[in-house]
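Notes for the one structure printed next.
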Amino acid sequence: MYSASDLKKGLRIKMDNEPYIVTEFNFVKPGKGQALYRSKLRNMITGAQFERTFRSVDTFEPADLQQKKMQYLYEEEGKYCFMDNESYEQVFLTKSQVGGAKNFLIDNLEVEILFFEDKPLEVSVPNFVELVVVKAEPWAKGDSVSGKTKPVILQTGYQIQVPPFIEEGEKIRVDTRSGEYLTRVKD
Amino acid sequence: MLDSHDMLKKPDALWTRARMLRAMRDFFIGMDYLEVETPNLIPAPIPEKYIDTIPCGNMFLHTSPELYMKRLLAAGYPRIFQICKCYREGERGSCHLPEFTMLEWYCRGADYRLLMEECEKLIISVAHSLGNEEVIHYQGKKIKLQGPWENISVREAFTRYAPVSMEDAVKKNSFDEVMVGYIESHLGWEQPTFIYDYPVSGSALAKAKKDEPAIEERFELYIGGQEIANACSELIETDEHHARFKKVEEYRHSIGKPVYPVPRFLLQDNKVIPESAGIALGVDRLAMIFCNSPIIDNVVTFTPELL
């Protein structure tokens, strides 16, 4: 059980049976008045954001959230299918739940899915993934000015800036947190 | 991301603060106030519904120097001021620190109206010493210094800015929420604003108005949406102190807050506090205004997180 004074940015709490994440938080105290805890909360299922002011007597249950290791299988009509590696159970996430992770989802990629009770909420991909370049302009030899990059398209459809020597069909390593090119991978 | 060493590099703010402190002392000495120092470690704090103290051994760190400054008043010092650290359990926010700097002054024979004038003079004099002749630039706004400053009753502030009246907010037990959610952010942007005459529930030691016993003679000063100072005509009757302390004790007990020993001095008939008024001004808050900072962290050397 949390009390209002435990609230902080990033804390996940349960209210009316739904999970919320605290996105902003401040302690205020008007004049001789009581301590108030002004918070912005985001509903982790609907994404709805709103402001709430709590008193020090207010209490909250922690949100019962669990990370599960799962494997990405396929996408069909905006639904992304993942499978539990142990139970073989399958779950579907919507496009908005998958968010930016869709740029890095390749078949059989091992990911972590955050569940609230039995509802999947969001997916986190590994920090580094290796992806194949499916479309690139050929390298004009001699065009080796340092710092220069060119856009290529990866197997997931993600467009990324890479050094000019990267060719179609090559594999590169990408940092999923920044979305940026790291290095060429030689099999 | 700044590391903790870089976060100590704020020489402009620290110089402003130092100059402010000197200007405050100059002001009070020029007005015949005696600078005093009273103990920070005290056996019993002033009972307050919503202020928690930090225990220290079998004593407490004071939450304000009020109690011992009143004893000095009672002992015959008519005009006294103090700049000191105060300590309050659990108070940390963008404008709160659990250890902060307070300026308090007390004046025998004064009421809260007189302290409004002194407070205005003090801040204008500090502003001038920092080179702010006509305005203070704060968060993109120009706050005019020229007096007299705006002063409106709390009731009027509710009428102007809130969806409920002051009386209804008190009845519905939402006075603080309305203050924070609808009113405070509007106050003190054109010029500093005093709001005065609070419902009595707020303060343990403010005097009630003679003709309106549900209202206490208390004001707060706001600059740039920020509460800067709190003042009141002081309660002097021993019986009334007894009654208020009992109420605070019962209330704190009912909401599960620690109940502290009661300061005996205020309950002794032979140690009468003279008719007087007192005011507490948050030095760090005023430094935020003069340093144009929206958060308190930028105007103190160390925040608790950097220790």
For the range A:65-124, one quarter of the surface area of the C-alpha convex hull, expressed in nm², comes to 3.6
Per the charge dipole of the protein assembly as shown (beta-carbon charges, Lys/Arg positive, Asp/Glu negative, Cα centre), the residue among B:Ala13, A:Gly179, A:Val98 reaching farthest to the positive end is B:Ala13
One finds, for B:Asp239 and A:Ala48 with R0 = 45 angstrom and r their Cβ-Cβ distance, a FRET efficiency to the nearest 0.05 of 0.25
For B:Glu35, other-chain or 5+-apart residues with amide H closer than 5 Å (H placed, Pro excluded) are B:Phe81
Heads up, the range B:165-307 by the C-alpha gyration tensor (a ≥ b ≥ c square roots of eigenvalues; a/c under 1.5 rounded, else a/b over b/c prolate, else oblate) looks prolate
So, over other residues within a Cβ distance under 15 Å of B:Leu21, counting Lys, Arg +1 and Asp, Glu -1, the net charge is +1
Under the 7 Å Cα-to-Cβ spin-label approximation, B:Gln139 and A:Glu122 lie apart by a distance in nanometres of 2.8
Summing -39500 (n - 2.57) over every DSSP H run of at least 4 residues in chain A and dividing by its residue count gives a helix-only mean residue ellipticity at 222 nm, to the nearest 500 deg cm²/dmol, of -500 deg cm²/dmol
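Give, in whole angstrom and from largest to smallest, the semi-axes √(5λ) of the equivalent ellipsoid of the range B:109-165, with λ running over the eigenvalues of the Cα gyration tensor.
25, 19, 7
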Note: the range B:6-306, point scatterers on Cα, Debye, no solvent; log10 I/I(0) at q = 0.09, 0.12, 0.13 Å⁻¹ equals -0.44, -0.81, -0.97
For the range B:199-273, the convex hull over Cα atoms projects on average to an area in nm² of 6.4
Extension length gain for A:Asp187 and A:Thr149 (0.36 nm per residue less Cα distance), in nm, is 11.4 nm
Largest fluctuation, A:Ala63, A:Ala35, A:Ala136 only, Gaussian network model of chain A with Cα springs under 10 angstrom, belongs to A:Ala35
Listed residues A:Arg55, A:Arg12, A:Arg177; largest mean-square fluctuation, Gaussian network over chain A with Cα springs below 10 Å, found at A:Arg55
The Cα radius of gyration of the range A:2-62, divided by 2.2 N^0.38 Å with N its residue count, comes to 1.09
Filtering GluC sites (Glu not before Pro) in the range B:1-57 by DSSP loop and by at most 12 other Cβ atoms within 10 Å leaves B:Glu37
Rounded to a whole number, the mean other protein chain Cβ count within 10 angstrom for residues of B:90-96 is 5
Env charge @ B:Asp6, Cβ radius under 15 Å, K,R +1 / D,E -1, value -2
Expected integer from the mean partner chain Cβ neighbour count at 10 Å over A:35-47 is 2
Computed over chain B, the relative contact order (Cα-Cα under 8 Å, seq sep at least six) in percent reads 23
Note, the range A:154-160: 3J(HN,Hα) by Karplus (6.51, -1.76, 1.60, θ = phi - 60°), whole Hz, Gly/Pro = x, goes 9, 4, 8, x, 6, 9, 9
Residues whose modelled amide H sits under 5 Å from the amide H of B:Asp52, counting only those 5 or more places away in sequence or on another chain, are B:Glu89
Here the alpha-carbon Rg of the range A:128-185 over 2.2 N^0.38 Å rounds to 1.03
GNM of chain B, Cα pairs under 10 angstrom: of B:Met116, B:Met31, B:Met166, the biggest fluctuation goes to B:Met31
Magnitude of the Cβ-charge dipole (Lys and Arg +1, Asp and Glu -1) of the protein assembly as shown about the Cα centre, nearest 20 debye, reported as 780
For the range A:164-180, in residue order, the Karplus 3J(HN,Hα) values (coefficients 6.51, -1.76, 1.60; θ = phi - 60°; whole Hz; Gly and Pro = x) are x, 7, 6, 10, 3, x, 7, 10, 10, 9, 10, 8, 6, 6, 9, x, 9
Note, the range B:245-252: 3J(HN,Hα) by Karplus (6.51, -1.76, 1.60, θ = phi - 60°), whole Hz, Gly/Pro = x, goes 4, 5, 4, 4, 4, 5, 5, 4
Scoring the range A:2-62 by relative contact order with C-alpha pairs under 8 Å, at least six apart, yields a percentage of 37
For chain A the mean separation of alpha carbon contacts under 8 Å (6+ apart) over residue count, i.e. relative contact order in percent, is 14
Under 5 Å from the placed amide H of A:Phe25, counting only residues 5+ away or on other chains, we find A:Lys40
Filtered hits (aspartates and glutamates, Cα-Cα < 16 Å from A:Lys119, offset >= 8 within chain) -> A:Asp16, A:Glu18, A:Asp64, A:Asp84, A:Glu89
If N is the residue count of the protein assembly as shown, its Cα Rg over 2.2 N^0.38 Å rounds to 1.28
Going through B:Lys172/B:Lys246; B:Lys70/B:Lys247; A:Lys32/B:Lys142 one by one, the pairs whose alpha carbons sit over 25 Å apart turn out to be A:Lys32/B:Lys142
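Any read-out appearing in this document is the output of simple, stated calculations on the displayed coordinates, not a laboratory observation. Treat the numbers as computed from the prediction; the structure is a model and nothing was measured. Counting neighbours? That spans all protein chains shown, and the Cβs are built from the backbone with ideal geometry, glycine included.
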